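**Student:** I have a structure I would like to understand better, so I am pasting it below and will then ask my questions one at a time.
The values are calculated or read from the model by the stated rules, or taken from the named source; none is laboratory data. Predicted model, so just to flag it, every value in this text is computed and none were measured. Virtual Cβ from ideal backbone geometry, glycine too; neighbours counted across all protein chains shown.
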Amino acid sequence: MTVPVFFYDFSSPYAYLSAHRVEEVLPVQPRWQPILFGSLIQAIGKVPWSMREGPARDEQMRECEQRAAALGLPLSWPRGWPTETYSVLVLRAALVAEELGLLREFSLAAYRQGLGLGRDLTDLDVVLEAAGQAGVDAAAVRTGVERPDIKERLRRVTGEAQELGVTGIPTVYTGEQLFWGDDRLTDAAAAIRG
């Protein structure tokens with residue numbers, strides 16, 4: 001069975017929801033893959049719902065709040081979300097955590113700090129707090145987020161996601177199909193089961 005890939009970043013509330021249920025919905029544990037979604041949408045010319053002001057955006061935010069509450073998750077919108085709080089820093093830190101075998105743990109801790117508690121993930125201290133909660137060495141994160149190979153890896157994995165056809169997050173790639181959206185996790189699970 002092919003290992004599915006779970007594509008996400010830390011600004012999407014739907015990815016936040018999926019991160020807390022993807023492993024229980026899918027029949028096999030996925031490979032977690034953070035990507036630079038801001039760069040991807042610029043490359044494909046997409047404007048996500050979160051960047052469109054108005055009643056439709058407000059309605060989707062309320063839906064996210066309801067879905068989070070149903071899962072027992074806190075959801076607090078960071079001030080200036082999403083444009084002022086989009087963080088490349090936390091994505092680089094996630095790749096450092098991956099090297100240490102703690103990507104999932106770090107990602108959940110970063111989601112808790114960001115969308116859970118409404119804190120700003122562009123702030124290194126907040127990212128380091130998430131790292132500490134996940135058992136990731138703060139010194140490794142502090143130096144790792146500036147490493148050229150980490151920066152290049154983030155660009156590369158984002159480019160690979162784009163080449164696969166990822167246009168939104170969360171997305172699960174089964175090895176054959178892409179399933180975009182928190183509401184498509186069950187469809188991805190069915191496809192994996194065959």
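**Student:** Among the residues of segment 50-61, is there at least one that is of a type in the set (Asp, Glu) and either surrounded by 12 or more Cβ atoms within 10 Å (Cβ to Cβ) or closer than 16 Å to residue 184 by Cβ (or both)? Reasoning before the result, please.
**Tutor:** The initial filter retains those residues of segment 50-61 that are of a type in the set (Asp, Glu), namely 53, 58-59.
Now narrow it down to the ones that are either surrounded by 12 or more Cβ atoms within 10 Å (Cβ to Cβ) or closer than 16 Å to residue 184 by Cβ (or both): none.
There is no residue in segment 50-61 that is of a type in the set (Asp, Glu) and either surrounded by 12 or more Cβ atoms within 10 Å (Cβ to Cβ) or closer than 16 Å to residue 184 by Cβ (or both).
**Student:** Please find, within segment 2-17, the residue that is surrounded by the fewest Cβ atoms within 10 Å (Cβ to Cβ) out of those that are closer than 25 Å to residue 163 by Cβ and in contact with a Lys or Arg (Cβ under 9 Å, 6 or more places away or on another chain).
**Tutor:** Looking only at segment 2-17, we keep the residues that are closer than 25 Å to residue 163 by Cβ, and these are 2-12, 14-15.
Those still in the list that are in contact with a Lys or Arg (Cβ under 9 Å, 6 or more places away or on another chain) too: 3-6, 14.
Details: 3: 13, 4: 22, 5: 20, 6: 25, 14: 21.
Filtering segment 2-17 for residues that are closer than 25 Å to residue 163 by Cβ and in contact with a Lys or Arg (Cβ under 9 Å, 6 or more places away or on another chain), the one surrounded by the fewest Cβ atoms within 10 Å (Cβ to Cβ) comes out as 3.
So that you can scan it fast, the table gives a plain yes or no per residue for (1) loosely packed, with under 15 Cβ neighbours inside 10 Å; (2) assigned to a loop (DSSP other than H, G, I, E, B):
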{"residue": "101", "(1), (2)": "yes, yes"}
{"residue": "126", "(1), (2)": "no, no"}
{"residue": "143", "(1), (2)": "yes, no"}
{"residue": "156", "(1), (2)": "yes, no"}
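**Student:** Can you name the residue in segment 35-47 that is out of contact with any helix residue (DSSP H, G or I) (no Cβ under 6 Å at 6 or more places or on another chain) and part of a loop (DSSP other than H, G, I, E, B) and, of all such residues, is surrounded by the fewest Cβ atoms within 10 Å (Cβ to Cβ)?
**Tutor:** 45
**Student:** Quick one: which of 177, 162, 133 is touching a residue at least 12 places away in the same chain (Cβ under 8 Å), within 28 Å of residue 79 (Cβ to Cβ) and of a type in the set (S, T, N, Q)?
**Tutor:** Values: 177 fails: within 28 Å of residue 79 (Cβ to Cβ); 162 fails: within 28 Å of residue 79 (Cβ to Cβ).
Residue meeting the stated conditions: 133.
**Student:** Now for a separate question. With more than 20 Å from residue 122 (Cα to Cα), modelled with pLDDT of 95 or more, more than 17 Å from the chain's Cα centre (by Cα) and not hydroxyl-bearing (Ser, Thr, Tyr) as the only criterion, which of 72, 54 stands out?
**Tutor:** On the way: 54 fails: modelled with pLDDT of 95 or more.
Only one candidate passes the filter, namely 72.
**Student:** With the checklist (1) buried (at least 16 other Cβ atoms within 10 Å of the Cβ); (2) in a loop (DSSP other than H, G, I, E, B) in hand, flag the one item residue 32 doesn't pass.
**Tutor:** Condition not satisfied by residue 32: (2).
**Student:** Residue 117 is checked against (1) surrounded by fewer than 16 Cβ atoms within 10 Å (Cβ to Cβ); (2) more than 18 Å from residue 23 (Cβ to Cβ); (3) more than 17 Å from the chain's Cα centre (by Cα) and fails just one. What number does that condition carry?
**Tutor:** (3)
**Student:** Related question: Is one or more of the residues making up segment 170-185 within 15 Å of residue 36 (Cβ to Cβ), part of a helix (DSSP H, G or I) and not aliphatic (A, V, I, L, M)?
**Tutor:** From segment 170-185, those within 15 Å of residue 36 (Cβ to Cβ) are 170-171; that's our starting set.
Then keep just the ones that are part of a helix (DSSP H, G or I); that gives none.
No, there is no match, as no residue in segment 170-185 is within 15 Å of residue 36 (Cβ to Cβ), part of a helix (DSSP H, G or I) and not aliphatic (A, V, I, L, M).
**Student:** Just checking, does segment 51-74 include any residue being more than 26 Å from residue 151 (Cβ to Cβ), assigned to a loop (DSSP other than H, G, I, E, B) and in contact (Cβ under 8 Å) with a residue 24 or more places away in the chain?
**Tutor:** Keep residues of segment 51-74 that are more than 26 Å from residue 151 (Cβ to Cβ), which gives 52-74.
With the extra rule that they be assigned to a loop (DSSP other than H, G, I, E, B), the set shrinks to 52-54, 72-74.
Narrowing the set further to residues that are in contact (Cβ under 8 Å) with a residue 24 or more places away in the chain leaves 73-74.
Among the residues of segment 51-74, at least one is more than 26 Å from residue 151 (Cβ to Cβ), assigned to a loop (DSSP other than H, G, I, E, B) and in contact (Cβ under 8 Å) with a residue 24 or more places away in the chain, which makes the answer yes.
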